[in-house]
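The values are calculated or read from the model by the stated rules, or taken from the named source; none is laboratory data. Every value quoted in this text rests on a predicted model; they were computed, and no experiment measured them. Note that we place each Cβ from the backbone using ideal geometry, even for glycine, and neighbour counts take in every protein chain shown. Protein only, heavy atoms only, side chains kept; ligands, DNA and RNA dropped before computing areas. Shrake-Rupley method; radii C 1.70, N 1.55, O 1.52, S 1.80 Å.
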Amino acid sequence: MNLLRNLFAKKAKSIPTATPKHIPELPPEDFNAAGVLLDLAERRDVDLVLRGLDAHLERVQEQDREPEALRLLSWAEEELNLAQSPQPAHYALLGNICQRLEPTQNADALQRALGFYGVALTGYQEARELEGTAVVLNNMGLALLALARTDARQYAETIPLLEEALHFYENGEDWLRRADICLSLGEAYAGLEEPGFDHYELGREFLERSRALYERCDDEYGQAMAQGQLGDVHVELAVKDGQMSLEKAVRHYRNALALFVDLGEPLVLARYQERLANAYGGLGEEEHLRKSLRAAQRAVELYEKHEQQASLARAGLGLARIHLALVGFGAEDELLPGFEQLRRTLGLFRDIKDRSGRAACLLQLAQIYQYGESDRQDADLRQAFDCLTEALAIYRLQGQDEAAALVQHQLHALEQPDAYTG
């Protein structure tokens with residue numbers, strides 16, 4: 001659910017000091033990252049260094065100058081540690097830059113950023129600086145959201161920080177900042193590992209607020225994000241509400257896709273085509289499966305075009321399953337495309353060394369080999385037996401006892417005299 005925030009994460013807000021130094025804006029074609037970083041290093045001014053990094057960080061990254069930026073960041077940290085009364089804004093900038101400097105937002109960098117934010121927060125709270133406090137709380141929330149993608153326990157830590165930041169912005173007219181925080185809260189509530197559906201409902205409410213605020217700001221990018229995440233939440237709510245929620249998910253995904261087309265992000269388009277296909281597939285009728293098939297085919301085409309092998313394998317398996325689901329509605333002409341798609345996907349999972357994906361493909365292939373009564377030849381049954389045997393070995397190797405038991409049951413049924421005569 002949270003995969004798209006990595007692609008579309010908005011820059012954490014910076015906090016100005018009382019007397020900011022002028023940072024010249026250079027046109028992109030005139031920007032020389034090495035020269036700018038060398039100039040900042042020679043100035044030996046903490047405020048100027050931090051503001052220069054903050055202003056130019058994205059272009060520094062584009063020109064592969066992260067090592068020099070990291071050295072400057074370490075120098076600034078050492079200078080602040082030696083200073084008698086460092087400004088909280090400098091620690092806020094230090095955290096902001098650290099958080100943005102790591103493209104993958106790894107856990108170590110995020111924890112380091114949180115440490116800097118903690119120092120800044122204490123300083124702002126002691127000075128009763130409400131805006132600085134709100135900005136730092138929001139930035140801390142964004143860092144924890146990134147950590148939560150690999151440790152869901154962090155969602156619970158994120159929520160009080162973001163809610164306190166939102167309380168400050170509720171009293172002003174910074175609609176866009178309010179929309180951003182509501183979007184983050186929607187993600188955080190939806191990500192909570194709690195029983196029941198109340199947290200999804202809370203997530204939905206915040207996402208609806210963010211969508212309306214982005215619309216008020218005429219921010220298509222934000223609207224697309226909110227629409228996509230609303231689709232994700234309604235998919236979760238479908239466990240309780242059934243078809244009604246799935247139909248809402250379909251509408252939100254289609255709205256998100258319409259906006260993302262104009263934004264020109266093919267991988268995001270692919271991901272939402274895949275999610276749209278899954279939502280249509282959950283509706284279960286042949287008409288919806290046909291729409292699911294078209295969406296899945298578009299996702300596969302985009303992933304293949306942009307050489308996203310892992311995503312292509314996952315989407316390819318989903319596409320094959322849709323072909324087979326249509327066979328269940330009497331569309332036997334979908335059997336061969338489903339079989340060919342599975343064979344291609346099996347090879348992809350092998351190439352990326354994904355054993356679980358390979359096992360899932362093998363189970364689907366075994367189903368095809370067993371298809372039909374009069375056409376079940378001994379050779380096909382042997383192929384089905386081999387597919388199930390390999391899948392069983394994978395599940396046992398990975399310690400997936402429940403999946404292994406289900407495959408063992410299928411093998412036992414296949415070994416009965418009326419199923420196999422070879």
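Would you be able to tell me the number of residues in segment 332-358 that are of a type in the set (A, V, I, L, M) and open to solvent by 100 Å² or more (accessible area, probe 1.4 Å)?
So the first thing to find is which residues in segment 332-358 are of a type in the set (A, V, I, L, M), and the list is 335-336, 342, 346, 348, 352.
This time we only want the ones that are open to solvent by 100 Å² or more (accessible area, probe 1.4 Å), so: 336.
Residues flagged as of a type in the set (A, V, I, L, M) and open to solvent by 100 Å² or more (accessible area, probe 1.4 Å) within segment 332-358 amount to 1.
Among residues belonging to segment 74-98 that are in a helix (DSSP H, G or I), touching a residue at least 40 places away in the same chain (Cβ under 8 Å) and open to solvent by 10 Å² or more (accessible area, probe 1.4 Å), point out the one that is nearest to Y124 (Cα to Cα). Reasoning before the result, please.
As a first pass, look at segment 74-98 and keep what is in a helix (DSSP H, G or I): 74-82, 88-98.
Right, trim to touching a residue at least 40 places away in the same chain (Cβ under 8 Å) and you get 88-90, 92-97.
Those still in the list that are open to solvent by 10 Å² or more (accessible area, probe 1.4 Å) too: 88, 90.
Values: P88: 6, H90: 11 Å.
Here the answer is P88.
Listed here are the residues, each with its yes/no results for (1) open to solvent by less than 20 Å² (accessible area, probe 1.4 Å); (2) closer than 20 Å to Q99 by Cα; (3) not in a helix (DSSP H, G or I).
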position	(1), (2), (3)
M140	no, yes, no
A143	yes, yes, no
I159	yes, yes, no
F168	no, no, no
G172	no, no, yes
E187	yes, yes, no
A190	yes, no, no
E193	no, no, yes
E201	no, no, no
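Residue by residue through segment 203-236, note down the ones that are surrounded by fewer than 21 Cβ atoms within 10 Å (Cβ to Cβ) and either charged (D, E, K, R) or in contact (Cβ under 8 Å) with a residue 40 or more places away in the chain (or both).
Here is the first cut: in segment 203-236, the ones surrounded by fewer than 21 Cβ atoms within 10 Å (Cβ to Cβ) are 205, 208-209, 212, 215-221, 236.
Once the filter is applied, which keeps residues that are surrounded by fewer than 21 Cβ atoms within 10 Å (Cβ to Cβ) and either charged (D, E, K, R) or in contact (Cβ under 8 Å) with a residue 40 or more places away in the chain (or both), segment 203-236 yields E205, E208, R209, E215, R216, C217, D218, D219, E220, Y221, E236.
Taking the conditions exactly as written (farther than 19 Å from A89 by Cα and either surrounded by fewer than 24 Cβ atoms within 10 Å (Cβ to Cβ) or within 19 Å of the chain's Cα centre (by Cα) (or both)), does Q125 satisfy them or not? Show your work before the answer.
Numbers: farther than 19 Å from A89 by Cα: no; either surrounded by fewer than 24 Cβ atoms within 10 Å (Cβ to Cβ) or within 19 Å of the chain's Cα centre (by Cα) (or both): yes.
No, not satisfied.
Kindly indicate whether any position in segment 55-66 is at pLDDT below 90 and within 22 Å of L144 (Cα to Cα).
Yes: segment 55-66 contains one or more residues that are at pLDDT below 90 and within 22 Å of L144 (Cα to Cα).
Collect the residues in segment 260-285 that are over 26 Å from F329 (Cβ atoms) and in a helix (DSSP H, G or I), keeping them in residue-number order. Show your work before the answer.
Filtering segment 260-285 for residues over 26 Å from F329 (Cβ atoms) gives 260-271.
Within segment 260-285, F260, V261, D262, L263, P266, L267, V268, L269, A270, R271 qualify.
When you go through D151, D108, D180 one by one, which is the residue that is surrounded by 24 or more Cβ atoms within 10 Å (Cβ to Cβ), farther than 22 Å from K248 by Cβ and charged (D, E, K, R)? Walk me through how you get there before you give the answer.
Working: D151 fails: surrounded by 24 or more Cβ atoms within 10 Å (Cβ to Cβ); D108 fails: surrounded by 24 or more Cβ atoms within 10 Å (Cβ to Cβ).
Only one candidate passes the filter, namely D180.
Return a yes/no flag: does segment 384-393 have any residue that is surrounded by 14 or more Cβ atoms within 10 Å (Cβ to Cβ) and in contact with an Asp or Glu (Cβ under 7 Å, 6 or more places away or on another chain).
No, that holds for no residue.
Can you go through T158, T133 and tell me which one is under 13 Å from Y189 (Cβ atoms) and not aromatic (F, W, Y)? Walk me through how you get there before you give the answer.
Details: T133 fails: under 13 Å from Y189 (Cβ atoms).
Residue meeting the stated conditions: T158.
Exactly one condition in (1) under 23 Å from R149 (Cβ atoms); (2) among the charged types (D, E, K, R); (3) over 19 Å from the mean Cα position of the chain (by Cα) is false for R275; which is it?
(3)
Would you confirm whether any residue within segment 299-307 is modelled with pLDDT of 95 or more, open to solvent by 20 Å² or more (accessible area, probe 1.4 Å) and among the small types (G, A, S)?
The answer is no, given that none of the residues of segment 299-307 is modelled with pLDDT of 95 or more, open to solvent by 20 Å² or more (accessible area, probe 1.4 Å) and among the small types (G, A, S).
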